[in-house]
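To start, the structure itself, in structure tokens.
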Amino acid sequence: MKKTWWKESIIYQVYPRSFKDSNGDGIGDIPGVISKLDYIKSLGVDIIWLCPVYESPNDDNGYDISNYRAIHPEFGTMQDFDNLLKGVHDRGMKLIMDVVANHTSDEHAWFEESRSSKDNPKRDFYIWKPGKDGTEPNNWMSFFGGKAWQYDEQTEEYYLHLFTKKQPDLNWENPEVRREVFDQMKFWVDKGVDGFRLDVISLISKRNYEDTPYSEFNETIAEVYANGPRIHEFLKEMNKEVLANHDVMTVGEGPGITLENGLNYVGDDREELNMIFHFDHMFIDHGPQGKFDTVPVDFIHFKKVFGDWDKKLGTSGWNSIFLGNHDFPRIVSRFANDEEYWEEASKLLALMLLSMRGTPYIYQGDEFGMTNVTFDTIDDYRDVETLNVWKETQENSGDLDKLMKAIHWQGRDNARTPVQWDDSANAGFTSGEPWIKVNPNYESINAKSQEMNPRSVLHFYRKMITIRKTYPVLVYGDFEIINEDDASIFAYYRQDEEYHMLIVLNFSSEDQSFALEQEIAKAELIRIVSNYRQSNEVENGAIVLQPWEGIMYKIKKTN
Ligand code: TEU
Ligand code: CA
């Protein structure tokens, strides 16, 4: 297996709008990020992934770009960006940009030209179709509710938008479009950025526009919207035009990428991407009607997702390890316990995230256990996906109480409340009125108080990061799940020529006994780390794990 820096790195994701406000307008900004670079560095992470900071009308918080080469004034100036990049590099870290190239904003100059007339030279930059029998060209649906086609009066045709109607999809079939996208990527490479996170890159090549049969939305994504016929050709072209000859990394966001085709994106011999984010564990609690139709997480399936993907990508490609981001609930609320065992459970997830094979991604605030939020009224929500589903449900006289509960579980704003820096007003995020309310639990959960407590979640993350850097087996070593059918314990080995590690994680609020395999029971086990002050000893070949306890052992090799 080839060894490289991005396999050995730990990535920290910054959603700048919610990170730190420097000028009191209530919106996080680039100078705010700069002011926290020492903090980020102190975690021990290597790379910062910066969510979009480009010019944008903010229909989808910057994932609707109106100018790829300009910084949104609410985030600062290009000079601020240059200072940020320098600050990151001066501290020995790297920075990757978020590229949103499946679609632009409808306020991008290209789209304004494109929609102006059928013979405009930019017409073919987007996907325009005449209606069929007086209605949409086909039955495609938007990820954010409603039809994926918008009728435009001006030229009496429909354009495709897989996300909101203010996010028209680019036509990647057009070589001019690809050249423009690659050119703006080169612009950032020339500035010295160290790579890219590529938004919904699995969707850029479209299938034909006949009606495509679909059933359940999540499956439909893979079969209808993602993995289109020219996807690999486009990615190879991007690699050749932008990435080759630069030491930059890529991670492609891949809704619809499956176990069967994942390696086609990241295989060592493919010359496409370095890593992808697949969604098999992110959609795990989505029911037949999608994310707001929540079903319980099937824990055995959850483990299997990690096992299966490691088998596919672990050695002939590379995996990324993440449990959440700006689109999903807070990880401790979703996969663990944010009440009685909040502290243990937050640490347990750190232990998991940082002991698997693949590059780990930490989302801002998770390093000190930020949780979901439960706003009582829809007026406090900001996310376009949440607001759209609310409106739709209202129009159809659906059950709004039920929906509100689902929003509390699944809404994207759970991850977007401001980072809780301290226990002062607005959690130290802003001196003004924050664009979205702060989670009221900031007085007990915040970075400052944990900074002062050596036993805090925050210090545990630092410890786990140090441990990952100390034992390369945690990066490259084989990953093997031990007790696939255990409904409470996630246990696995990491192993190379030098080391053999055992990780046991109790994902339940009860004591659980874990029986060691015979061979292992005979060996000497050295406890490297645990999230409890006091752990039980191995007795009669078994360990009794306390609620949400996680332990990593080094197994002494005997010859
Ligand atoms: O997300 C893509 C994606 O698949 C999401 O729509 C995801 O399914 C959804 O958020 C789950 O609720 C990316 C960005 O990460 C997201 O913030 C953008 O809104 C979206 O693309 C459109 O650019
Ligand atoms: Ca600001």
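Tabulated data for the structure shown
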quantity: Separation between Cα centres of the stretch 482-559 and the stretch 217-248, rounded to whole Å; calculated: 40
quantity: Debye intensity ratio I(q)/I(0), log10, the stretch 84-154, q values 0.11, 0.12, 0.20, 0.24 Å⁻¹ (C-alpha model); calculated: -0.46, -0.52, -0.94, -1.18
quantity: Per residue, the convex hull volume that the Cα atoms of the stretch 413-559 enclose (Å³); calculated: 148
quantity: Residues with amide H under 5 Å from that of Gly131, placed H, sequence gap 5 or more; calculated: Tyr158
quantity: Gyration tensor (Cα) of the stretch 1-57, equivalent ellipsoid semi-axes in angstrom; calculated: 27, 14, 6
quantity: Proxy reagent accessibility, fewest Cβ within 10 Å first, across Met452, Met93; calculated: Met452, Met93
quantity: Residue-wise HN-Hα coupling along the stretch 333-347, computed from phi with Karplus coefficients 6.51, -1.76, 1.60 (Hz; x: Gly, Pro); calculated: 6, 7, 10, 9, 8, 9, 10, 4, 10, 3, 5, 4, 5, 5, 5
quantity: Principal-axis tilt of helix 175-191 within the chain, Cα atoms, nearest 10 degrees; calculated: 50
quantity: Area projected by the alpha carbon convex hull of the stretch 171-260, averaged over all directions, nm²; calculated: 6.5
quantity: Along each principal axis, Cα extent of the stretch 367-488, largest first, Å; calculated: 55, 44, 22
quantity: Candidate lysines for bridging to Lys402, where Cα separation is under 19 Å - those fewer than 8 sequence places away on the same chain excluded; calculated: Lys291, Lys391
quantity: Hull shadow area, averaged, the chain [alpha-carbon convex hull, nm²]; calculated: 25.4
quantity: ³J(HN,Hα) computed for each position of the stretch 462-478 - Karplus, 6.51 cos²θ - 1.76 cosθ + 1.60, integer Hz, glycine/proline x; calculated: 4, 4, 5, 5, 4, 5, 4, 6, 7, 10, x, 4, 6, 8, 9, x, 4
quantity: For the stretch 22-167, Kirkwood radius (reciprocal of mean inverse C-alpha pair distance, Å); calculated: 17.4
quantity: The chain: relative contact order as a whole-number percent, Cα under 8 Å and 6+ apart; calculated: 12
quantity: Extended-chain gain in nm, criterion 0.36 nm per residue less alpha-carbon gap, Ser431 and Glu480; calculated: 12.8 nm
quantity: Long-range HN-HN contacts of Ile48 with modeled amide H, under 5 Å; calculated: Tyr12, Lys94, Leu95, Ile96
quantity: The stretch 244-253 - phi-based ³J(HN,Hα) in whole Hz, Karplus 6.51/-1.76/1.60, Gly and Pro as x; calculated: 4, 6, 10, 8, 10, 10, 9, 10, x, 6
quantity: Prolate/oblate/rounded call for the stretch 102-239, Cα gyration tensor, a/c under 1.5 rounded; calculated: oblate
quantity: Degrees between helix 299-313 axis and first principal axis of the chain (Cα, 0 to 90, nearest 10); calculated: 80
quantity: Summed side-chain charge close to Ile34 - residues other than Ile34 whose Cβ falls under 15 Å, Lys, Arg +1, Asp, Glu -1; calculated: -1
quantity: Listed pairs Lys7/Lys41; Lys41/Lys469; Lys469/Lys554; Lys206/Lys311; Lys129/Lys206; Lys2/Lys469 exceeding 22 Å between Cα atoms; calculated: Lys206/Lys311
quantity: Rg and Dmax of the stretch 309-358, Cα atoms only, in Å; calculated: 12.9, 41
quantity: Principal-axis tilt of helix 384-395 within the chain, Cα atoms, nearest 10 degrees; calculated: 70
quantity: Relative exposure of Glu385, Glu271, judged by other C-beta atoms within 10 Å (fewest first); calculated: Glu271, Glu385
quantity: Taking Asp327, Asp298, Asp38, Asp152 and counting other C-beta atoms within 10 Å, the order from fewest to most; calculated: Asp38, Asp298, Asp152, Asp327
quantity: Sequence-distant residues sharing a close amide H with Tyr363 (under 5 Å, placed H); calculated: Gln13
quantity: Calculated [θ] (222 nm, deg cm²/dmol) that DSSP helices of n ≥ 4 give over the chain, each run adding -39,500 (n - 2.57); calculated: -7500 deg cm²/dmol
quantity: Partners for Lys556 among lysines (Cα-Cα distance below 19 Å; same-chain residues under 8 apart left out); calculated: Lys522
quantity: For q = 0.11, 0.21, 0.22 Å⁻¹, Debye-computed log10 I/I(0) when each Cα of the stretch 321-425 counts as one equal scatterer; calculated: -0.39, -1.08, -1.14
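A short reminder: the numbers here are calculations on the coordinates, not readings from a lab. The model shown is predicted, which means the values in this text are computed figures rather than measured ones. We place every Cβ from the backbone using ideal geometry, glycine too, and count neighbours over all the protein chains shown.
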